[in-house]
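Structure record follows, encoded as structure tokens.
Here, each number is a calculation from the coordinates, and none is a lab measurement. For clarity, every value in this text was computed on a predicted model and none was experimentally measured. In this analysis, Cβ positions are derived from the backbone assuming ideal geometry, glycine residues included, and neighbour counts consider all displayed protein chains.
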Amino acid sequence: MALPPVAPLEAPPSRNREPVAPVWHTAIFLLALLVLVPVQAHQQPKLENMQPASRLTLYAGQIVFELFIFAYVWLLGLKLTGTRIRDLIGGRWASLQDVLRDVGAAVVFWLIVIVVLSGLQRIMGENTAGLKTIKSLLPQTPVELAVWVALCVIAGFCEELVFRGYLQRQFLAYTKRVDLAIILQAVFFGMAHTYQGAKGVVVISVYGAMFGILAVVKRSLRPGMIQHAGQDTFSGIVGSLLARRHYF
């Protein structure tokens, strides 16, 4: 008995190859990201010596920025083409089983991320500048920790929606190639983290590409959002504890 043909995972439905925003909207977004690259590079030395009183201000500012880019994509982009946010996210949670399935996918993806990024960092060597910056940004007080968690949750949702949802879909519409769409959004995602140094940009670009692959395979941003928010939250809490004990 012949088995029914299985559709390739790398080929999303044709209806998902249409732009979700006007060309001018994406051009402005990409231009803004490019402008931020030298700005972040200039600010990196300041971030390495972040004062405790400045962390809460930085966290709050980043939350505002995340919400701003989300609003830009939603209100000035998606709405113009009639694209709903839930359609861009994909997947659905109709039962607890659906939620647990996406959580399980996020955990498996997390393990893969650890292996791949650890191997990449071994090959590239220690990112001294990036580590100093990250250490200075870690939460140190209960209030900072609470705001940090809020930031991680918001960033996990907004960045996956913007980069793996909006931007990857736009690049797919323009290039008609899934692989190029994944690579291009990953490059811009890495560039958005220039404050972590050149090696950090490479690592985060690979990380972004892995998120892009996950979104295509699962046809949903939900597992990526869960993993993104979870890893950032976990890294902040554990990193803070290790830094206090001078292990980091």
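Could you point to the residue in Thr175, Pro142, Leu96 farthest towards the positive end of the range 90-248's charge dipole, with +1 and -1 charges on the Cβ of Lys/Arg and Asp/Glu respectively?
Thr175
Among Ser54, Ser95, Ser118, determine the one that fluctuates most according to a GNM of the chain built with springs between C-alpha atoms less than 10 Å apart.
Between Ser54, Ser95, Ser118, it is Ser95 that shows the largest mean-square fluctuation.
For the chain, modelled as a Gaussian network with Cα springs under 10 Å, which listed residue fluctuates most, Ile183, Ile114, Ile85?
Fluctuation is largest for Ile114.
Going toward the positive end of the dipole of the chain, with +1 on Lys and Arg Cβ and -1 on Asp and Glu Cβ, which of Ile85, Val116, Leu151 do you reach last?
Ile85
About the Cα centre of the range 117-207, what is the dipole size in debye to 20, counting +1 per Lys and Arg Cβ and -1 per Asp and Glu Cβ, all else neutral?
240
For the chain, set up a Gaussian network in which alpha carbons nearer than 10 Å are linked by springs, and say which option among Pro223, Pro19, Pro38 fluctuates the most.
Pro38
Computed from these coordinates, which is Cα extents along the principal axes in Å: (1) 62, 45, 37; (2) 83, 33, 30; (3) 47, 38, 33?
Matching entry in (1) 62, 45, 37; (2) 83, 33, 30; (3) 47, 38, 33: (1).
Please sort through the DSSP H helices of the chain and keep those with an alpha-carbon extent of at least 27 Å along the long axis and a Kyte-Doolittle average not below 1.6.
Once both thresholds are applied, what remains is 197-218.
When only C-alpha pairs under 8 Å and at least 6 residues apart count, what is the relative contact order of the range 95-248, in percent?
34
What's the magnitude of the charge dipole for the chain around its Cα centre, counting Lys and Arg as +1 and Asp and Glu as -1 at the beta-carbon? Answer in Debye, nearest 20.
So the dipole magnitude of the chain works out to roughly 160 debye.
Excluding residues on the same chain fewer than 8 positions from Lys79, give the lysines whose Cα lies under 28 Å from its Cα.
The qualifying lysines are Lys176, Lys218.
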